[in-house]
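The values are calculated or read from the model by the stated rules, or taken from the named source; none is laboratory data. Keep in mind the model is a prediction, meaning the values are calculated, not measured. Cβ: placed from backbone, ideal geometry, glycine included. Neighbour counts: every protein chain shown. Ligands, DNA and RNA are stripped out before the accessible areas are found, and what is left, the full protein with its side chains, is counted by its heavy atoms. Shrake-Rupley method; radii C 1.70, N 1.55, O 1.52, S 1.80 Å.
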Amino acid sequence: MAAGDMKVRLVDKGDNAAGIGIRVEFPEGSTNRPTPDEKEVIRRHIKGEEGEQTGFNWNGSMGMWHKPIARPGEHADDVPSARAIAIRLDAENRVESLAEALREHAADPLSYAQMVRRRREEAAEGQRVPD
């Protein structure tokens, strides 16, 4: 999916042993890299908010965020199909929301940062116990 001058890709070999990945790419030959603000957008959409456990971790050797499908010690053929489907759907949703967020950020970084701050404040307000 296009995201400004970047692309957000779902990497799925269709193999439970390989897991699933999300990669943010720049055009071939480009020396551009994500800015610190873009990295924060990427982390928030892939790793989730503070305390959220999405299962995605950065794998530098593969150059992508990776999530295993098979659990440690579990044979890939023994993975319930519902788990593999749920992980893929989650990854697809993260790719779509990340691409949209990066497009919004590229269009107007200051407004995007203000929107994120406002959403976090509203979420914090919603979690407070009323008096």
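Starting from one equal scatterer on each C-alpha and no solvent at all, send me the Debye-based log10 I(q)/I(0) for region 55-97 at q = 0.15, 0.21, 0.25, 0.30 Å⁻¹, two decimals. Here the Debye-derived log intensity ratios amount to -0.43, -0.78, -0.97, -1.08. Using unit Cβ charges (K, R positive; D, E negative) and no other charged atoms, how large, in debye to the nearest 20, is the dipole of the chain about its Cα centre? Dipole size: approximately 200 debye. Projecting the Cα atoms of T31, N59, V41 onto the charge dipole of region 1-78, computed from C-beta unit charges around the Cα centre, puts T31 farthest toward the positive end. Which of rounded, prolate, oblate describes the chain, given a ≥ b ≥ c as roots of the alpha-carbon gyration tensor eigenvalues and a/c under 1.5 marking rounded, otherwise prolate only if a/b is larger than b/c? The shape class here is oblate. Considering only GluC sites (Glu not before Pro) in DSSP loops that have at most 12 other Cβ atoms within 10 Å, the longest stretch of the chain without any of them is 53-131. Across the chain, the relative contact order, built from alpha-carbon pairs under 8 Å that are at least six residues apart, equals 29 percent. Taking the helices alone, the chain has a mean residue ellipticity at 222 nm of -15000 deg cm²/dmol, built from -39,500 (n - 2.57) per DSSP H run of at least 4 residues and averaged over all its residues. Among A70, V95, A84, whose Cα lies farthest out toward the positive end of the dipole of the chain, if unit charges sit on the beta carbon of Lys, Arg (+1) and Asp, Glu (-1)? Final value for the positive-end residue is A70. Accessible surface calculations at 1.4 Å, restricted to protein heavy atoms, place the chain at 66 Å² per residue.
On the chain, 49 percent of the accessible area sits on carbon and sulfur atoms, based on a 1.4 Å probe.
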